[in-house]
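Have a look at the structure below, then the notes.
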Amino acid sequence: MPAETLNLAVIIGSGREGRFGPVVANWFVEQAAHHGRFKVDLIDLADTPLPLELPPVSPALKPDMDRPAEMADLTRRIGAADAIVVLTPDYNRSFPASLKAAIDWHYSEWAAKPIGFVGYSGASGGLLAIEQLRQVFCELGAHTVRDYVSFPRYYELFGPDGTLMAPDGPNGAAKVLLDQLLWWGSVLHDARRDRPYAISD
């Protein structure tokens, strides 16, 4: 789809009060809009109840498990995405429980789609969380793209109004990430259309 736009879901992975995620997300959404090849849907996991306990184990539930009614909009939006960016902090050398719950409550919605990452934290810039998320999404049949955006010591990088004080490096990294998501998103969109992805049970 060389001249078309792709549906890009940007997921704020932390739901904790006082989180910095929305600031980073707003910056990334601006970068995606500037890129010009994406229709962006900003998903905030704090808006959806995400129980940690899943339904009883059954092979029949794996591709399409019964979800709480209030999760329907989240499921629809993830399913409609051609590409996904997960925005995550590091919590104790890993990613937030809210993000793991959102991932586990879905299955086929992630399959054969490219996933990119934007990380932030005090020291690693979210890289510890990102490395673990790559393994999780691989298990779900998604493709994680190589490049990412990372904000170590994020609190020193953004001004009080939420703008980056030295934007050139992060803006360039976002452009590389978005270019990779565009390529993989276009290829996998056509592949899913022409050859439905085989989901194992």
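Odds and ends about this structure:
- Pairs of Lys residues in the chain that lie 8 or more places apart, or on two chains, and have C-alpha atoms under 20 angstrom apart add up to 6.
- In a reduced charge model with +1 at each Lys and Arg Cβ and -1 at each Asp and Glu Cβ, the stretch 6-194 shows a dipole moment near 280 debye about its Cα centre.
- Net length gained if the chain between Tyr197 and Asp41 were fully extended (0.36 nm per residue, minus Cα distance): 53.8 nm
- Packing rank of 126-132, 187-193, where each peptide gets the mean count of other beta carbons within 10 Å, highest leading: 126-132, 187-193
- Computed lengthening from Glu131 to Ala69, 0.36 nm per intervening residue step minus Cα-Cα distance: 19.1 nm
- 24 Å tail of the calculated P(r), the chain, as % of Cα pairs: 38
- Sites Asp168 and Ala97, calculated FRET efficiency, Cβ-Cβ separation with R0 45 Å, nearest 0.05: 0.85
- As a proxy for reagent exposure, Glu17, Glu139 were ordered by neighbouring Cβ count within 10 angstrom, fewest first; the result is Glu17, Glu139.
- Per-peptide packing, taken as the mean over residues of other Cβ atoms within 10 Å, places 109-122, 145-158 in the sequence 109-122, 145-158 from highest down.
- A Cβ-based charge dipole, computed about the Cα centre of the stretch 67-141 with Lys and Arg at +1 and Asp and Glu at -1, lands at about 20 debye.
- Remark: relative contact order (the stretch 6-194) = 23 percent; criterion is Cα-Cα distance under 8 angstrom and separation of 6 or more residues.
We did not get these values from a lab; they are worked out from the coordinates using the rules stated. Computed from a prediction, not measured in an experiment: that's the story for all the values here. Every residue, glycine as well, gets a Cβ built from its backbone with ideal geometry; the counts of neighbours run over all protein chains shown.
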